[in-house]
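Here's the structure, in structure tokens; my notes come after.
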Amino acid sequence: MSAQSKDELLAEAVRLREEGHPEQARERLLALTATFPDAVDVAYQTAWVHDVLGLEAEAVPYYERCLQGGGLCEEDRRGALLGLGSTYRVLGRFGQAVETLRLGVAEFPDDGALRTFLSMALFNTGEHHEAMRILLNLVAATSDSPHVQRYRPAIEYYATDLTRIM
């Protein structure tokens, strides 16, 4: 099978997933994974389809595989870090979730989704103050609500320490 054939088959599997046929996409992706075990793009899409199907435990090794080496484009790496971190959290592997999502935030500091999922994982590890700090700063920076923006300085001030009183 040529690289072009792999790319065409991968595109077809992604299309199936996007059009609401994740089981068919999974079958094709598992076949592609067997043929191209080192292809990080195939591993990423295979992880994603397992997540879509609620098969989080089965998604983990594919996420881990696609992140081990280089080769993922920036957008797929971002998605893989978020997907793996979120999947670890759903599976109760909170420490690994925090570690993975911190890596994602370090690589993609402007990604609000990564910061949101990191805050959820931090909550699960009992790091409530850091979780709230991240979320409050995210709300202050990204909300287009004029009501939030009116209080942005106060929100950012209290994000540093919610226990602070005047």
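The values are calculated or read from the model by the stated rules, or taken from the named source; none is laboratory data. Note that the structure is predicted; figures quoted are calculated from it, not measured. Reconstructed Cβ throughout: ideal geometry from the backbone, glycine too, with neighbour counts over all protein chains shown.
Filter segment 64-89 down to the residues that are surrounded by 18 or more Cβ atoms within 10 Å (Cβ to Cβ) and outside any helix (DSSP H, G or I) and list them by number. Hit for segment 64-89 is LEU72, nothing else.
Reported count of residues in segment 93-123, each being in contact (Cβ under 8 Å) with a residue 24 or more places away in the chain and not charged (D, E, K, R), is 14.
So which of GLY126, GLY92 ends up being at pLDDT 95 or above, part of a loop (DSSP other than H, G, I, E, B) and closer than 30 Å to ARG26 by Cα? Matching residue, one of GLY126, GLY92: GLY92.
Using the structure shown, decide if GLU23 is of a type in the set (D, E, K, R), touching a residue at least 12 places away in the same chain (Cβ under 8 Å) and over 20 Å from GLY79 (Cβ atoms). Taking the combined requirement at face value, the residue satisfies it. Would segment 134-148 turn up any residue that is charged (D, E, K, R) and either farther than 29 Å from PRO61 by Cα or touching a Cys at 6+ places or on another chain (Cβ under 9 Å) (or both)? Yes, because at least one residue in segment 134-148 is charged (D, E, K, R) and either farther than 29 Å from PRO61 by Cα or touching a Cys at 6+ places or on another chain (Cβ under 9 Å) (or both). Of all the numbered requirements in (1) without any contact (Cβ under 8 Å) to a residue 24 or more places away in the chain; (2) under 19 Å from the mean Cα position of the chain (by Cα), SER145 misses one, and that requirement is (2). Number of residues in segment 103-123 that are surrounded by 15 or more Cβ atoms within 10 Å (Cβ to Cβ) and either part of a loop (DSSP other than H, G, I, E, B) or charged (D, E, K, R) (or both) equals 3.
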